[in-house]
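Accompanying notes for the structure given below.
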Amino acid sequence: MRLQQLTRATEDPYTLEQLTSPRINTLVVRPLVDRLYDPDDMSIVYCLLANRLQFLREQTAAKHQSVSRARATLCEIVATKILRKLHEHNHPDKAGAAGLLRLANALVQGFDPFSGAPEDVALAGRYTHWPVQRRGGNERKLTALELAILSESKALMSSPACLRVVNAVYEGQVVYTPISFVDILPDHYKHHPVSLYDPRKAPLLNHYRLIVPRWRNLLESMQFMVLLGLYVLTMVNRGNSRPLKLYESLFVVYTLGWMLDEFAAIIEHGWAVHSQKTWSFLDVTFTIIFCAYLFARLYDVWVPVAQGTTGGTGSAGLHILCVAAPVLLTRVAFSLMPDNIVFISLHAMMKDFLVLTFLTLWCVGGFFLALQWLLTAGQGPEPEWYTVAKWLLWIWFGLDGTGIQESVQFHVVLGPALIVAFAFLGNTLFLTILVAVLTNTFSRIVAAEAAEIQFRRAVLTFECVRSDAIFAYPPPSNVLALFFMLPLKLLVSARSFHSVHVAIVRVLNFPVLLLISLYERNLFKTGESKRGVKSNQLLRWRFTGFNPHGDIEAVFEADPPPVAVDEAGELDGLSELGFTDDGVSRSSREMPRPVVFRLSNSRSRDETLTMLGRGSPGAEGIVASQGTEDS
């Protein structure tokens, strides 16, 4: 009920700049943060993001579109400030690892939208959908991080608090059991809450490390490289029948396992989350091409071909498979550079491109039908339909004007009129709109480059944490697991199935699990054990050792002395200082004088100005005025 204050506080269509202005921040945002913040309530960020998602859906009503957008933006701003406040109260220098755990619970712990509601309200309000798999009371729960991805709360996801949790989850320092909607091979015998991982207390072959995003991303990249290698071998040897059969069989079997892994990833968190990955559209494109190739190849094998080209280079399936080359090679570039702003922009522009292309083709279809019907109404030789489509396509891209010259074949007057009208609309209007929209999308993404990169990192991290047991089986063994382990689950108890599953996974992934365990036991240390150990100097070696400026990077990775940490803590209060609309600092009105006197007395005026930043309009005034009173 407290979140109704967000609706009452925003009844006008404020923009983002207005909501972040000092006046709105003082009159609206800060009172809401102070009233909603509760250090013992980890669900407030989840509730704010859920309301943001609902306000974004309400934009479909034209009457409240701008107001709903303003309320959604306010929800993100308040959630970001509450998360920041929670981060300050659980700072690593103050709370240590326990602070990270509390912060992680606010973002990756599952919450039920109907939690706390009466049972009759929950039963009447829930949607009827696909039967939810049993998870020991953790059904129908979502995390705040997932809602942030769905609502594209990029400001929140680029905040230091969210980055701290995302990095900890990516490295495997924070572990939890994700809650998926549907699992292909469910194994919910054990549910691990949000906790901190200690490799010294974990088993040597810990199969749960396979869902750590750091290792999961590496394994998926290696699996894709194997897929690419088999594809290249198949295409290179397509002229030889014997090697072709071997490599093509391996390629088909491995690709089926890779597609099963991809399908399980889509239904794990839903298409809305999976599509946020920059290379998701490339994976879907390759899947469509492979399915077309597989059907064509089966047709070549099982249906007699009169020319006797079955299995040779004349196969239609192999011709279709050639189209996958640009998709797979582009996918390699996306995988190697997932944080590149160009690839992030291409992913965003692809959505706009597909929508605009569909609308354009819809309009072009009208001209095509009109020309075809004019042909049937006339007399004389008629060009084929694909010839007419080719003329329109050439005119659309401005490549050839043959269609204009041949337009009299349709009709002496109406034919040229339709072709010329299409040339104006297609080549001028549609292409101009397409370029303008794509340019606007690219400019918007580049303007918020840092937030976009952090958002994609968070998406990649969250999407790699999976609960489906099918991901523990590397392709193509996951296909065998689907046919043998899934029936076994119906015959044995949950504990027996879990034991068999763990044993098989540890055997299949023995080298990988052993290397991960040895690596983490040597480098995944906490506290003082991570620093100053001579035995780990070789493992801590970096390429910057050849760089004469490598110490510049190393000095920022070293732990600061306790005195510097205490002095930095004293300056934390300065971040809460704000400035009113007239540019005057609020410190003289709100900030307690003893705090400022302690800072000005600890150093000279020049040193304090250096710490505060001489470019700040209020910092020099604070120190100068109090330096006068001190004297």
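The values are calculated or read from the model by the stated rules, or taken from the named source; none is laboratory data. Note that the structure is a prediction, hence the values are computed from the model and not measured. A quick note on method: Cβ atoms are made from the backbone with ideal geometry, for glycine too, and the neighbour counts reach across all protein chains shown.
Scanning segment 442-467 for residues that are hydroxyl-bearing (Ser, Thr, Tyr) and farther than 30 Å from LEU142 by Cα gives a single hit, SER443. Here are some residues: TYR231, TYR176. Which one is among the hydroxyl-bearing types (Ser, Thr, Tyr) and more than 24 Å from the chain's Cα centre (by Cα)? Exactly one of TYR231, TYR176 is among the hydroxyl-bearing types (Ser, Thr, Tyr) and more than 24 Å from the chain's Cα centre (by Cα), namely TYR231. Figure legend. Inter-residue proximity from segment 276-303: first residues more than 21 Å from ARG238 (Cα to Cα) and in contact (Cβ under 8 Å) with a residue 60 or more places away in the chain, second residues part of a helix (DSSP H, G or I) and of a type in the set (S, T, N, Q), beta-carbon distance below 8 Å, spacing 6+ or different chains. Indicated pairs: TRP279/SER335.
Set side by side, the residues LEU399, LEU393, LEU429 differ, and just one is within 45 Å of the chain's Cα centre (by Cα) and under 15 Å from GLY365 (Cβ atoms), which is LEU393. Would you check if there is a residue in segment 327-347 being within 17 Å of VAL284 (Cβ to Cβ), surrounded by 13 or more Cβ atoms within 10 Å (Cβ to Cβ) and hydroxyl-bearing (Ser, Thr, Tyr)? Within segment 327-347, one or more residues are within 17 Å of VAL284 (Cβ to Cβ), surrounded by 13 or more Cβ atoms within 10 Å (Cβ to Cβ) and hydroxyl-bearing (Ser, Thr, Tyr).
As a summary of the residue check, SER195 satisfies the conditions (1) at pLDDT 85 or above; (2) buried (at least 16 other Cβ atoms within 10 Å of the Cβ); (3) among the polar types (S, T, N, Q) except for the one numbered (2). Here PRO475 passes the criteria (1) at pLDDT below 80; (2) not in a helix (DSSP H, G or I) except the one numbered (1).
Scanning segment 141-175 for residues that are aliphatic (A, V, I, L, M), in contact with a His (Cβ under 8 Å, 6 or more places away or on another chain) and not in a strand (DSSP E or B) yields a single hit, ALA161.
Do we find a residue being surrounded by fewer than 16 Cβ atoms within 10 Å (Cβ to Cβ), outside the structural domain of ALA458 (by TED's automatic domain parsing), of a type in the set (Ser, Thr, Tyr) and touching a residue at least 24 places away in the same chain (Cβ under 8 Å) anywhere in segment 249-268? Looking through segment 249-268, none of the residues is surrounded by fewer than 16 Cβ atoms within 10 Å (Cβ to Cβ), outside the structural domain of ALA458 (by TED's automatic domain parsing), of a type in the set (Ser, Thr, Tyr) and touching a residue at least 24 places away in the same chain (Cβ under 8 Å). Residues of segment 492-515 that are modelled with pLDDT of 90 or more and charged (D, E, K, R): ARG506 alone. Each residue in segment 172-211 was checked for being under 20 Å from ASN105 (Cα atoms) and without any contact (Cβ under 8 Å) to a residue 60 or more places away in the chain, and 4 of them qualify.
Please determine whether any residue of segment 136-159 is more than 25 Å from the chain's Cα centre (by Cα) and at pLDDT below 85. Yes. Pull up segment 60-119, narrow it to residues that are polar (S, T, N, Q) and modelled with pLDDT under 75, then point me to the one that is surrounded by the fewest Cβ atoms within 10 Å (Cβ to Cβ). Once the filter is applied, the top-ranked residue is THR60. A Cβ distance below 9 Å, combined with a sequence gap of six or more or placement on separate chains, defines the contacts here; from segment 17-39, residues that are farther than 13 Å from ILE77 by Cβ and touching a residue at least 40 places away in the same chain (Cβ under 8 Å) reach residues that are among the charged types (D, E, K, R) and surrounded by fewer than 11 Cβ atoms within 10 Å (Cβ to Cβ) in the pairs PRO22/ASP581; ARG23/ASP581.
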